[in-house]
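See structure below.
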């Protein structure tokens, strides 16, 4: 095996660092947008959980929600407790598995959905300003390859 191309290694390192920075910056921006939309009692991660529940159009178990969000069940459990306490989601026993809880958004969450969509759309407009459709398709495809390389399952 030959010597690694150091310039390429620097580019690869920079790309990974930039991906982390993009994630951090997007979370900070989402927090600001949530405050502006009077949704400050929900963190960006909790907002993702809420949107996943609304998007599912059916109750989900915490395990299924964790799988959809690519998070641990422990982390999702903390989100669920906070969101239940704040009145954003409700839990009920799963009739097929008495050990499991089904999660669904409350009327409060459904009423706030237009504000969440507005926050999401504003973030997307800001993040992808200046990119045409082809560039966004390329970014999406490239990120999918990176995800598969890191987690083939």
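The values are calculated or read from the model by the stated rules, or taken from the named source; none is laboratory data. Worth saying up front: this structure is predicted, and the values here are computed from it rather than measured. Because the Cβ atoms are built from the backbone with ideal geometry, glycine has one as well, and the counts that use them run over all protein chains shown.
One line per residue, one yes/no per condition, for (1) under 21 Å from residue 125 (Cα atoms); (2) buried (at least 16 other Cβ atoms within 10 Å of the Cβ):
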| site | (1), (2) |
| --- | --- |
| 51 | yes, yes |
| 56 | no, no |
| 67 | no, no |
| 86 | no, no |
| 101 | no, yes |
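Applying the selection to the stretch 78-106, what residues are modelled with pLDDT under 90, touching a helix residue (DSSP H, G or I) at 6+ places or on another chain (Cβ under 9 Å) and over 15 Å from residue 41 (Cα atoms)?
If the condition is that a residue be modelled with pLDDT under 90, touching a helix residue (DSSP H, G or I) at 6+ places or on another chain (Cβ under 9 Å) and over 15 Å from residue 41 (Cα atoms), then 100, 101 are the ones that fit.
Here are the criteria: (1) within 22 Å of residue 68 (Cα to Cα); (2) surrounded by 11 or more Cβ atoms within 10 Å (Cβ to Cβ); (3) without any contact (Cβ under 8 Å) to a residue 12 or more places away in the chain. Tell me which single one residue 20 does not satisfy.
Condition not satisfied by residue 20: (2).
Determine whether residue 34 is under 15 Å from the mean Cα position of the chain (by Cα), closer than 18 Å to residue 116 by Cα and surrounded by 17 or more Cβ atoms within 10 Å (Cβ to Cβ). Give the derivation first.
Details: under 15 Å from the mean Cα position of the chain (by Cα): yes; closer than 18 Å to residue 116 by Cα: yes; surrounded by 17 or more Cβ atoms within 10 Å (Cβ to Cβ): yes.
Against the criterion (under 15 Å from the mean Cα position of the chain (by Cα), closer than 18 Å to residue 116 by Cα and surrounded by 17 or more Cβ atoms within 10 Å (Cβ to Cβ)), residue 34 qualifies.
Does residue 42 satisfy the condition of being outside any helix (DSSP H, G or I), closer than 30 Å to residue 146 by Cα, without any contact (Cβ under 8 Å) to a residue 60 or more places away in the chain and in contact with a helix residue (DSSP H, G or I) (Cβ under 8 Å, 6 or more places away or on another chain)? Explain how you work it out, then say what you get.
Details: outside any helix (DSSP H, G or I): yes; closer than 30 Å to residue 146 by Cα: yes; without any contact (Cβ under 8 Å) to a residue 60 or more places away in the chain: yes; in contact with a helix residue (DSSP H, G or I) (Cβ under 8 Å, 6 or more places away or on another chain): yes.
Judged against the criteria, residue 42 is a match.
What about residue 51, is it within 15 Å of the chain's Cα centre (by Cα), in a loop (DSSP other than H, G, I, E, B) and closer than 21 Å to residue 26 by Cβ? Give the steps one after another, and end with the answer.
Values: within 15 Å of the chain's Cα centre (by Cα): yes; in a loop (DSSP other than H, G, I, E, B): no; closer than 21 Å to residue 26 by Cβ: yes.
Here the answer is no, as residue 51 does not meet what is asked.
If residue 94 satisfies every condition in (1) touching a residue at least 24 places away in the same chain (Cβ under 8 Å); (2) exposed (fewer than 12 other Cβ atoms within 10 Å of the Cβ); (3) farther than 21 Å from residue 48 by Cα but one, which is the exception?
Evaluating residue 94 over (1) touching a residue at least 24 places away in the same chain (Cβ under 8 Å); (2) exposed (fewer than 12 other Cβ atoms within 10 Å of the Cβ); (3) farther than 21 Å from residue 48 by Cα leaves (2) as the failure.
Would a scan of the stretch 125-143 turn up a residue that is closer than 29 Å to residue 85 by Cα, surrounded by 12 or more Cβ atoms within 10 Å (Cβ to Cβ) and within 18 Å of the chain's Cα centre (by Cα)?
Step one: of the stretch 125-143, the residues closer than 29 Å to residue 85 by Cα are none.
There is no residue in the stretch 125-143 that is closer than 29 Å to residue 85 by Cα, surrounded by 12 or more Cβ atoms within 10 Å (Cβ to Cβ) and within 18 Å of the chain's Cα centre (by Cα).
For the stretch 71-88, enumerate the residues that are within 17 Å of the chain's Cα centre (by Cα) and touching a residue at least 40 places away in the same chain (Cβ under 8 Å). Steps first, answer last, please.
The first filter runs over the stretch 71-88 and keeps only residues within 17 Å of the chain's Cα centre (by Cα), leaving 71-80, 82-83, 88.
Of everything in the stretch 71-88, those that are within 17 Å of the chain's Cα centre (by Cα) and touching a residue at least 40 places away in the same chain (Cβ under 8 Å) turn out to be 83, 88.
Given the structure, is residue 30 farther than 24 Å from residue 145 by Cα, in a helix (DSSP H, G or I) and either in contact (Cβ under 8 Å) with a residue 60 or more places away in the chain or in contact with a helix residue (DSSP H, G or I) (Cβ under 6 Å, 6 or more places away or on another chain) (or both)? Can you show your working first?
Working: farther than 24 Å from residue 145 by Cα: yes; in a helix (DSSP H, G or I): yes; either in contact (Cβ under 8 Å) with a residue 60 or more places away in the chain or in contact with a helix residue (DSSP H, G or I) (Cβ under 6 Å, 6 or more places away or on another chain) (or both): yes.
Criteria met by residue 30.
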